[in-house]
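Below is one structure, written out as structure tokens; the observations come after it.
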Amino acid sequence: MKKTVFAGFGGQGVLMMGYVFAVAAMRDGREVTYLPAYGAEMRGGTANCTVVVSDEEIFSPVSSSPDFAVIMNKPSLVKYEGVMNGGGTIFLNSNHVSRELTRDDLTSIRIPAVEIAKELGSERVVNMIMLGAFAAHTRMTSLDSIMNGLSEIVKDTKASIMKLNRRGLDRGAEYILKGDSR
Amino acid sequence: MEELVFTRPRYIKKAPFHYCPGCGHSIIHRLVAEVIEELGIGEKTIGVPPAGCAVLAYDYFDVDMGEAPHGRGPALATGIKRILPDRIVFSYQGDGDIAAIGTSETIHTANRGENITVIFVNNNCYGMTGGQMAPTTLLGQNSTTTPGGRDENRDGPPIDLSEMLALVRGTVYIERTAVNSIRNIRNTKKAITKAFKAQIAGLGFSLVEILSPCPTNWKMSSTDSCRWIDESVMQTFPLKVIKDEIG
Amino acid sequence: MKPKKGRIVIDSRLCKGCYLCVSVCPNECIGISEESNEKGYHPAKVIGTKDANDRACTGCTLCAVICPDIAIEVYRG
Amino acid sequence: MDKKLLMRGSQVIGEAAIRAGCRFYAGYPITPQNEIPEFMSGAMADLEGGTFIQAESEIAAINMVIGASMAGARAMTSSSSPGISLKQEGISFLAALELPAVIVNVMRGGPGLGNIAPSQGDYFQATRGGGHGDYRSIVLAPAHGQELADLTRKAFEYADRYRTPVMILADGMMGQMMEPVVFPDPINLDELPPKPWVLDGAQGRPSRIIKSLILDTVEMEEHNWKLDRKYKIISGEIPHAETYMTEDAKLVVVAYGTAARIARGGIKRAREMGLKVGLLRPVTLWPFPDRAIREMSRLVKDFMVFEMNTGQMIDDVRLSLEGRSNVHFYGRPGGIVSTPDEIGKAISSLYYRQHLKED
């Protein structure tokens, strides 16, 4: 059972990342839960959600001691670094979060997602780049599954935008596989 | 040949009314039933009685009747009408029901323009509970909770609910009438007819406010009560067509 | 024009003695009964007759229109 | 059968209601269940003969539901704790008028305004009626996404079958969480049994009255006994509890809803430590599955009630056991969702304290 937190500010597509990942994992045949922050927790522009993926029954969908965190801004790092499971991995959008981790039992993976997105011509795919990197590293699901999940969720999206999302995923994954992130 | 020219209308049951001597409720019941009969809608009308003296209205009206909690008649009628839009739905409400505890439901039902008809019986007091102040009790009027008369500073002035409702866009027809004289009774029947016709035509929310005597709680004779409506109640609540967008 | 002739029937069991009918009858045809009904009210009763011209019921229905208890039926002709 | 969908709990309730033939929804926004009215507004707009009303208050909403139910529709409203308090007058009327309706309570912390975190503080309110008078509501407590769908279907069935209000008692976590769910096929409204009591205009039949004012004391008493007889029938027919690893258990945790799924995690950990622990999860909170608990007391001497409150269902557990076994309590009342580890620790601590390891 692996718990992942996706966190950032509203508009970064944080909830979408978690949702797409959860649908992909469900279609892969895994047990999943997706718990978004809601109500007052969502005020002030922050957004986060927790996705649990497991081969067995999931008891709690809550983000107590997550194994992974995909962090899109600095306040989210402050919020989640302390509660991470020992040995956990934090994926950082390094264009927005420059500081180092304070815990030495965690691994950080830094992805200049905004930079890559600019190369692709649209900052809208920052979340897909992060998700591609996350998937490539954790191998909890495949890029194809994520694309299937995405097309299931956003039904009426133009083919060109879907293509852009795919390129975002690919570039994020490539970044990990080339080993640039350490 | 002798001809029967006045008798109990078809949609009033044979049961004797429980109302006090000289009470306006049963006159109004009869007028509503006469209108239902004349419009030929008795087999598709559903009435919603209030809490208060007229809570037992279902014992008299011979149409389908569904009880509402105090003040909630318009909300309940909304539920019925939305499920059965081709039926005729009316709520029957007293002054406390419509202008105190149920003000919110009334205003919002009117604002949605629900295609129902409201019979608003204004007798300036809480009848069933024993003559306490109503939102429509007149300034200076005695009640069991306004000893020495209603005081504007202490109790606020009487509320003009019908005028307020006229400001609401969903209302199409609002008239204030009375049942304290032959002429006013006849006008009341015309107003009720117009209100039901507005509903039949699907125009929206219609309401008839009816000034009605309560000799028991006013501590007056029946005839004095009728006179008091003319002399006092109408000073605060003048009879008039408050809104008519039926055209 | 010949004056209309009418007749009313008061159901004394339904009458609660508010006497609004008495107050509206233009020809003073309605009075108050000496006897009380089973509810304890002294019901209204017809005191005019067709024969007495000064108290002739015309079947105008005013009494019935104002009666809160639908205790009055009106016949005409 | 449809394919598996990942869906938010609140929306699962909405979709399941539509598939159960719900054609009338009225509600008022309150967190954490706003997705129910939002979902229903769209779903009803797409349905022929579907009505959605954003009411001006919780009170108006429940009374609209009363009207729609009188007119024969399968009707629902939803809210969260403070809003449910406002609906209680209407729920009492539904019970008295013997009208079917489904009321969803996505509980939050309380009393008062409280917070919007998951809580189970409304157990008493739900299972004791909550409003005035001598009545009961059927209360169903789903614990996961699939059950939200299944029990919503059941809620409408029970409401019609017994002509009584049915409450679905969920919490903020159930409402917000997304889980995989497979929906049952939509019912065919035409195949439902006719309702010979509805108010639809007295065409070709005597007029009908639906009322709860019964001034005659003898009649009032008979009406209350009649309702009581109905409640006894319900109590005989629908109590339901689920068990987990209870076969050889020396300690049984009793928990419902979100607390129950967390307790399963705790029990799994305790089992890994060699402790013989199981779970009894009431699915119907009223009628309470008292027989299932009582029967268990023949083998189990210690029960641990776990609730996300300061101890409410524990009263029903005690009443069910009639003193036959020890009843212990563990609770978190503020919206903190215990971890399975925490429950595992509470279980093992109790286990050793009661010397169950030594037998």
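Tell me whether region A:99-182 comes out rounded, prolate or oblate; compute the Cα gyration tensor, take square roots of the eigenvalues as a ≥ b ≥ c, and use a/c under 1.5 as the rounded threshold.
It is prolate, given that a/c is not under 1.5 and a/b is the larger ratio.
Taking only protein heavy atoms into account and a 1.4 Å probe, give the accessible area per residue of the protein assembly as shown in Å².
The answer is 39 Å² per residue.
I need the Debye-formula profile for region A:1-101: one equal scatterer per C-alpha, no solvent, reported as log10 I(q)/I(0) at q = 0.25 1/Å, two decimals.
So the normalised log intensities are -1.39.
Using the Cα centre as the reference, give the magnitude of the dipole from point charges on the C-beta atoms of the protein assembly as shown (Lys, Arg: +1; Asp, Glu: -1; all else neutral), rounded to the nearest 20 debye.
For this selection, approximately 600 debye.
Amide H neighbours of D:MET167 under 5 Å, counting only residues 5+ apart in sequence or on other chains, H built in-plane at 1.01 Å?
Correct list: D:ILE103, D:ILE138, D:VAL139, D:LEU140.
Write down the percent of antiparallel bridges among all DSSP beta bridges whose residues are both part of chain D, to the nearest 5.
So the antiparallel bridges amount to about 25 percent of the total.
Give the Rg/Rh ratio for region D:75-202, taking Rg as the radius of gyration of the Cα atoms and Rh as the Kirkwood radius, to two decimals.
Reported Rg/Rh, Kirkwood definition of Rh: 0.99.
Looking at chain A, I'd like the Rg to Rh ratio, where Rg is from alpha-carbon atoms and Rh is Kirkwood's inverse mean 1/r.
Across chain A, the Cα-based Rg/Rh ratio is 0.93.
At the nearest 100 Å², what buried accessible area, both sides summed, do you get for C and B when the probe is 1.4 Å?
2300 Å²
Roughly how far apart, in whole Å, are the Cα centres of region D:305-359 and region D:65-99?
34 Å
Counting Lys +1, Arg +1, Asp -1, Glu -1, what net charge surrounds D:PHE124 among other residues with beta carbon under 12 Å of its beta carbon?
Net local charge, D:PHE124 excluded: -3.
State to the nearest 20 debye the size of the charge dipole of region C:6-76 about its Cα centre, where the only charges are +1 on K and R beta carbons and -1 on D and E beta carbons.
140 debye
Past the 23 Å Cα-Cα mark, which pairs from A:LYS155/A:LYS178; C:LYS39/D:LYS226; B:LYS13/D:LYS211; A:LYS3/D:LYS276; A:LYS3/A:LYS74; B:LYS14/D:LYS195?
In this structure, A:LYS155/A:LYS178; C:LYS39/D:LYS226; A:LYS3/D:LYS276; B:LYS14/D:LYS195 exceed 23 Å between Cα atoms.
Mean projection of the alpha-carbon convex hull of chain D over all orientations, in nm²?
19.1 nm²
Over the Cα atoms of region B:63-138, how large are the radius of gyration and the largest Cα-Cα distance (Dmax), in Å?
12.7, 39
Using a Gaussian network for chain D with springs between C-alpha atoms less than 10 Å apart, which of these wobbles most: D:PRO206, D:PRO340, D:PRO111?
D:PRO206
Tabulate in residue order the Karplus-calculated ³J(HN,Hα) for region D:54-63, using 6.51 cos²θ - 1.76 cosθ + 1.60 with θ = phi - 60°, rounded to whole Hz; enter x for Gly and Pro.
7, 6, 7, 6, 4, 5, 4, 4, 5, 6
Rule-of-thumb check for region D:68-139: C-alpha Rg over 2.2 N^0.38 Å?
This ratio for region D:68-139 stands at 1.11.
What total accessible area, in Å², is buried where chains D and A meet, using a 1.4 Å probe and rounding to the nearest 100?
Result for this pair: about 2000 Å² buried.
What shape does chain B take by its C-alpha gyration tensor, where a ≥ b ≥ c are the square roots of the eigenvalues and a/c under 1.5 counts as rounded, a/b above b/c as prolate, and the rest as oblate?
Oblate shape, in that a/c is at least 1.5 and b/c is the bigger or equal ratio.
Taking only Cα atoms of the protein assembly as shown, what ratio of Rg to Rh do you get with Rh as the Kirkwood inverse-distance radius?
Answer for the protein assembly as shown: 1.10.
If a/c stays under 1.5 just call it rounded; otherwise compare a/b with b/c (prolate if a/b is bigger, oblate if not). Do that for region C:6-76, with a ≥ b ≥ c from the square roots of the Cα gyration tensor eigenvalues.
Prolate shape, in that a/c is at least 1.5 and a/b is the bigger ratio.
Starting from the Cα of D:ARG294, step 7 Å toward the Cβ, then list every residue of region D:315-344 with an amide N under 18 Å from that point.
Counting backbone N atoms under 18 Å from the label point, the list is D:315-327.
Could you state the angle between the C-alpha long axis of helix D:35-45 and the longest principal axis of the C-alpha atoms of chain D, as a value from 0 to 90 degrees rounded to the nearest 10?
Compared with the principal axis, the helix lies near 30 degrees.
Just to be sure I understand the model, the point goes 7 Å from the Cα along the line to the Cβ. What's the resulting D:GLU322 to A:SER98 distance in nm?
For D:GLU322 paired with A:SER98, the spin-label model returns 7.4 nm.
May I have the pair-distance distribution P(r) for region B:141-247, computed from all Cα-Cα distances with 10 Å bins from 0 and rounded to whole percent?
So the P(r) values, bin by bin, are 14, 38, 31, 15, 2.
Positive end of the dipole of the protein assembly as shown, charges at C-beta (+1 Lys, Arg; -1 Asp, Glu), about the Cα centre: which of C:ALA64, D:LEU285, A:ASN148 has its Cα farthest in that direction?
Selected residue: A:ASN148.
Full-extension gain between D:LEU189 and D:ILE214, please, as 0.36 nm times their residue separation minus the C-alpha to C-alpha distance.
5.7 nm
In what order, largest first, do C:ARG7, B:ARG10 sit by accessible area if the probe radius is 1.4 Å?
Ranking C:ARG7, B:ARG10 by accessible area, largest first, yields B:ARG10, C:ARG7.
Given the whole protein assembly as supplied and a 1.4 Å probe, what does the accessible area of D:CYS22 come to in Å², nearest 10?
Solvent-accessible area, nearest 10 Å²: 0 Å².
Once the cut-off is 11 Å, how many percent of the Cα-Cα pairs in region D:185-233 end up in the long-distance tail?
Looking at region D:185-233, the distances longer than 11 Å represent 79 percent of pairs.
Quick one: Karplus J couplings for region C:27-43, per residue in order, coefficients 6.51, -1.76, 1.60, θ = phi - 60°, nearest Hz, x for Gly and Pro?
10, 6, 8, 10, x, 10, 6, 6, 7, 9, 8, 5, 7, x, 8, 8, x
Of the candidates A:SER60, A:SER145, A:SER108, which one comes out as most mobile in a Gaussian network treatment of chain A with C-alpha springs shorter than 10 Å?
Answer for the Gaussian network model of chain A: A:SER60.
So if I place +1 on the C-beta of Lys and Arg and -1 on the C-beta of Asp and Glu, and nothing else carries charge, what would the dipole magnitude of region D:9-65 be about its Cα centre? I want it in debye, nearest 20.
The calculated dipole for region D:9-65 is roughly 160 debye.
How far is it, in nm, from the label point at D:GLU237 to the one at B:ASN111 when both lie 7 Å from their Cα along the line to the Cβ?
So the two model labels end up 4.2 nm from each other.
Tell me which residues come under 5 Å, amide H to amide H, from D:HIS328 once H is placed; ignore anything under 5 positions away on its chain.
Long-range HN contacts for D:HIS328: D:PHE303, D:MET304, D:VAL305.
How many nm separate the modelled label positions at B:GLN235 and B:ASN187, each set 7 Å beyond the Cα in the direction of the Cβ?
Computed distance between label sites B:GLN235 and B:ASN187 equals 1.9 nm.
With unit charges on the beta carbon (Lys/Arg positive, Asp/Glu negative), name the residue among B:VAL241, B:ALA57, B:LEU31 whose Cα is farthest towards the positive pole of the charge dipole of the protein assembly as shown.
My answer, from the dipole projection, is B:VAL241.
Taking amide hydrogens as modeled 1.01 Å from N in the peptide plane, which residues meet the under 5 Å criterion relative to D:ASN115, leaving out close sequence neighbours?
D:GLY109, D:GLY110
Which residue fluctuates most in the GNM of chain A (Cα springs below 10 Å): A:GLY88, A:GLY172, A:GLY18?
Highest fluctuation of the listed residues: A:GLY88.
Plugging the Kirkwood radius over Cα pairs into Stokes-Einstein for region D:241-353, at a temperature of 4 °C and a viscosity of 1.567 mPa s, what D comes out in µm²/s?
Estimated via Stokes-Einstein, D reaches 96 µm²/s.
Provide the per-residue ³J(HN,Hα) series for region C:64-69, in order, calculated from phi with Karplus coefficients 6.51, -1.76, 1.60 and θ = phi - 60°, each as a whole number of Hz, with x at glycine and proline positions.
5, 5, 8, 5, x, 10
For region D:292-359, list log₁₀ I(q)/I(0) at each q in 0.11, 0.14, 0.24, 0.26 Å⁻¹, using the Debye formula over Cα point scatterers of equal strength and ignoring solvent, two decimals each.
Values, matching the q order: -0.28, -0.46, -1.12, -1.19.
The values are calculated or read from the model by the stated rules, or taken from the named source; none is laboratory data. The model shown is predicted, which means the values in this text are computed figures rather than measured ones. Cβ coordinates were reconstructed from backbone atoms using ideal geometry, including for glycine residues, and neighbour counts include every protein chain displayed. These area figures cover heavy atoms from the full protein model, side chains too; ligands, DNA and RNA do not enter into them. Shrake-Rupley method; radii C 1.70, N 1.55, O 1.52, S 1.80 Å.
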